[in-house]
Amino acid sequence: MKYTRLTKEQLEELHYDFARFLASQQITFDEWETIKREKPHIAEEEIDIFSDLVWEKSLEKVEFLERIDSDSINCFSFQENDAQMISVLVSDKIVDLTTPNGFQWLEKNIHSDKVQFYTGKKKLVEDRKLEIFNLICQGLQVSDGKLFKSLLEIKNQIENK
């Protein structure tokens, strides 16, 4: 298994897709019920294969990831062969970026020496989807990229002053 098995809740959400997957394996509903009862290891293998297919298709579409902690924001942009990262670190311990007040503080103090920007770029030598999956496992979430683009624009403005 390349990724992780889908949870019971995720499988329930995808039950129509799973039924189509089983049909593509020429497994009927009755046969599936028998497999689950009499050969649970085979049933688990089928669920693992389906889980990997779902992850592959989902990860293929991911372009942006982000994670907001109390003192940092980490955003990633993924292209086909490389990934770009932008991080914002806040050294003021009373600020909590996970709150609306923390974000307002960041907007007002973006040029302060208590706010540091870091960027990086890396070639994706390994599997792009696996890189994204590993970051998701570390707590990053798929995003629309608005925060990444905004932070990159702010960083560029700061550098061009």
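Every read-out reported here was derived from the displayed coordinates using simple, explicitly stated rules and does not represent laboratory data. Computed from a prediction, not measured in an experiment: that's the story for all the values here. FYI the Cβ positions are ideal-geometry reconstructions off the backbone, even for glycines, and counts take in every protein chain you see.
The table below lists the values:
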item: Cut-off 14 Å between beta-carbons: net charge of the residues surrounding L151, Lys and Arg +1, Asp and Glu -1; result: -1
item: Cα gyration tensor of the stretch 117-156 - equivalent ellipsoid semi-axes, whole Å, descending; result: 21, 14, 9
item: Rg/Rh for the chain, where both radii come from Cα atoms and Rh is the Kirkwood radius; result: 1.15
item: Where labels lie 7 Å past Cα in the beta-carbon direction, separation of A23 and K149 in nm; result: 3.8
item: Estimated [θ] at 222 nm from DSSP helical runs (n ≥ 4, -39500 (n - 2.57)) normalised by residues in the chain, nearest 500; result: -15500 deg cm²/dmol
item: Extent along principal axes [Cα atoms of the stretch 8-60; Å; largest to smallest]; result: 34, 19, 18
item: Cα-Cα over 18 Å, subset of K93/K155; K121/K155; K57/K129; K122/K146; K2/K57; K121/K149; result: K93/K155; K122/K146
